[in-house]
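The values are calculated or read from the model by the stated rules, or taken from the named source; none is laboratory data. If you're wondering where the values come from, they're calculated on a predicted model, not measured in any experiment. When we count neighbours, we look across all protein chains shown, and the Cβ atoms used for this are built from the backbone with ideal geometry, even at glycine.
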Amino acid sequence: LLGASRVEIWTDVAGMFSANPKDVPDARLLTRLDYYEAQEIATTGAKVLHPRSIKPCRDAGVPMAILDTERPHMPGTSIDGSAEPVPGVKAISRRNGIVLVSMEGIGMWQQVGFLADVFDLFRRHGLSVDLIGSAETNVTVSLDPSENLVSTDVLAALSADLSEICKVKVIVPCAAITLVGRGMRSLLYKLSDVWATFGKERVHMISQSSNDLNLTFVIDEADADGLLPILHDELIDSGAMPVYEEQVFGPRWREIIGHVRPRATPWWRAPQQRRQLLELAAQGTPRYVYHLPTVRERARQLKAVAALDRRYYAIKANPHPAILRTLVEEGLGLECVSLGEVEHVFAALPELPPSRVLFTPSFAPIAEYAAALARGVNVTVDNVELLRRWPDVFRDRALWLRIDLGHGDGHHRKVNTGGKEAKFGLSAQRVDEFLDVARGIGVRITGIHAHLGSGVENSGHWKQMVDELAGFARRIGSVE
């Protein structure tokens, strides 16, 4: 290759990253890759390097480097064949506009030459197949719009020809999310959280490359929004993406551009607070110490979220009277899950209006519901059997209804509190049944509730939940 010692590509980015920094600000710079990993990353979404530029350098044994014109001091990404392979996921990428063509028919079962006939039709229409998934009576392939002209006319003509030999279904638009790295098969046991995340979506195809360098999931394009940051974090947390390998992974994108928000000094490091804590420790430990100015500041940050008109604090997090009093002073309501918690709240805050307390139990004795209603607090119910067995307790009452939307969201399956395996809420399929019984005894549903899990890092989760609950509110008609 012209006797070159290295091919340098100077561009406007710092190199190749473990994900698209626009989608994942915590994406890591990939400081060193081998030719094959770089090839896979380039072909599955990275735009900084053209896939066809790698082979000539690989054949000639010439290293490559991607360097940043704005940050020439950065190491960039080095690509060569001399480094010791490091197993693990190096990058996750997303490609939009993927077209799936599903072909089904019993005629393909053990039929010699069937696939040859099918792929000949794709060739005639000038289409190059990307991913392939097959079963005994189904073959599904993907078409990448970056490599094909997949217009409506082309797909219609292809479908017409394929329909002569099988049943055809075109699925659009889809997104292909690909994990790239050495030894993907050996990493499968570390991907349990990734599998669980995809389990919440409609997965049309899963494809593992024959060279053991990538694993691809094809889902509806709309479902892919907001998914990459979650998956990237799960790969790091599980150890599947070995960011501790300094010879491969460099700084995060937000560190490179200087958008890392400096961490505030913790209150306990302030000199005066430190002295007070040491004095308390000298009197004996353990001790629990709460900093009410911090509690107050966090409450005010929540109050600043204009999209919320009411905020409740779950007292099971910490029921200390001083904390409850501080939060109430800042305008928060208090959520209780047992009658004991309700009584604790009013013992600590006897002047608190009952309307600022929300009672949300699970499988509580009927006596607790009756006592809470007598207190005048907001009461949440989560099953129709309560109203059927004890109609007189709830007759003519205003209640909240907790609904299980059929899915949850959390960073781990054990904190995913929605869906068929969860205990929190009335199944969405039984809402109409509940309403019939409730209206029969004069119950009005003035609030609705869903407990999906700890998916606080996924803003799309909140939007989807609000959209679904708004639909139920319209059906119920009395939600305030």
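Considering each of R310, R325 in turn, give the residue that is among the charged types (D, E, K, R) and under 30 Å from the mean Cα position of the chain (by Cα). Break it down stepwise before answering.
Numbers: R325 fails: under 30 Å from the mean Cα position of the chain (by Cα).
Result: R310 is the single residue among R310, R325 that is among the charged types (D, E, K, R) and under 30 Å from the mean Cα position of the chain (by Cα).
Residues that are loosely packed, with under 13 Cβ neighbours inside 10 Å and either over 20 Å from R71 (Cβ atoms) or in contact with a Lys or Arg (Cβ under 8 Å, 6 or more places away or on another chain) (or both) within segment 245-258 comprise just one, Q247.
Could you check, for segment 214-227, whether at least one of its residues is assigned to a loop (DSSP other than H, G, I, E, B) and at negative phi?
The answer is yes, given that some residue of segment 214-227 is assigned to a loop (DSSP other than H, G, I, E, B) and at negative phi.
Taking the options A46, A14, A38, A42, name whichever one is within 21 Å of R94 (Cβ to Cβ) and touching a residue at least 60 places away in the same chain (Cβ under 8 Å). Spell out how you get there, then give the answer.
Working: A46 fails: touching a residue at least 60 places away in the same chain (Cβ under 8 Å); A38 fails: touching a residue at least 60 places away in the same chain (Cβ under 8 Å); A42 fails: touching a residue at least 60 places away in the same chain (Cβ under 8 Å).
Answer to the selection: A14.
Within segment 322-337, the set of residues being buried (at least 17 other Cβ atoms within 10 Å of the Cβ) and of a type in the set (A, V, I, L, M) comprises I323, L324, L327, V328, L332, L334, V337. Restricting segment 361-375 to residues that are under 19 Å from I448 (Cα atoms) and of a type in the set (A, V, I, L, M, F, W, C), the residue that is surrounded by the most Cβ atoms within 10 Å (Cβ to Cβ) is A372. Applying the criterion of being part of a loop (DSSP other than H, G, I, E, B) and modelled with pLDDT of 95 or more to the residues of segment 366-382, the residue that is nearest to the chain's Cα centre (by Cα) is V377. Can you confirm whether T31 is surrounded by fewer than 20 Cβ atoms within 10 Å (Cβ to Cβ), polar (S, T, N, Q) and not assigned by TED's automatic domain parsing to the domain that holds N211? No. The single condition among (1) free of Cβ contacts under 8 Å to residues at least 40 places away in the same chain; (2) within 35 Å of the chain's Cα centre (by Cα); (3) assigned to a loop (DSSP other than H, G, I, E, B) that S146 does not meet is (1).
Can you find a residue that is under 18 Å from R95 (Cβ atoms) and β-branched (V, I, T) anywhere in segment 186-195? Within segment 186-195, one or more residues are under 18 Å from R95 (Cβ atoms) and β-branched (V, I, T). Does any residue of segment 231-244 turn out to be buried (at least 19 other Cβ atoms within 10 Å of the Cβ), free of Cβ contacts under 8 Å to residues at least 60 places away in the same chain and within 21 Å of N20 (Cα to Cα)? No, because not a single residue in segment 231-244 is buried (at least 19 other Cβ atoms within 10 Å of the Cβ), free of Cβ contacts under 8 Å to residues at least 60 places away in the same chain and within 21 Å of N20 (Cα to Cα). Considering only residues that are hydroxyl-bearing (S, T, Y) and part of a strand (DSSP E or B), which ones fall in segment 204-213? Once the filter is applied, which keeps residues that are hydroxyl-bearing (S, T, Y) and part of a strand (DSSP E or B), segment 204-213 yields only S207.
Annotation note: Cβ proximity below 6 Å between a residue of segment 188-216 that is within 18 Å of Y36 (Cα to Cα) and a residue that is in a helix (DSSP H, G or I) (sequence gap 6+ or interchain) occurs for D212/R185; L213/E40; N214/E40. Residue count for segment 299-321, restricted to those that are surrounded by fewer than 14 Cβ atoms within 10 Å (Cβ to Cβ) and in a strand (DSSP E or B): 0. When every residue of segment 83-106 is checked against the conditions, none turns out to be buried (at least 18 other Cβ atoms within 10 Å of the Cβ), farther than 30 Å from V203 by Cβ and in contact with a Pro (Cβ under 8 Å, 6 or more places away or on another chain).
Within segment 419-434, track down each residue that is basic (K, R) and exposed (fewer than 10 other Cβ atoms within 10 Å of the Cβ).
Within segment 419-434, K420 is the sole residue that qualifies.
Just to check your reading of the model, which residue among T43, T11 is in contact with a Pro (Cβ under 8 Å, 6 or more places away or on another chain) and either buried (at least 20 other Cβ atoms within 10 Å of the Cβ) or farther than 24 Å from Y244 by Cβ (or both)? Testing whether each residue is in contact with a Pro (Cβ under 8 Å, 6 or more places away or on another chain) and either buried (at least 20 other Cβ atoms within 10 Å of the Cβ) or farther than 24 Å from Y244 by Cβ (or both) leaves just T43.
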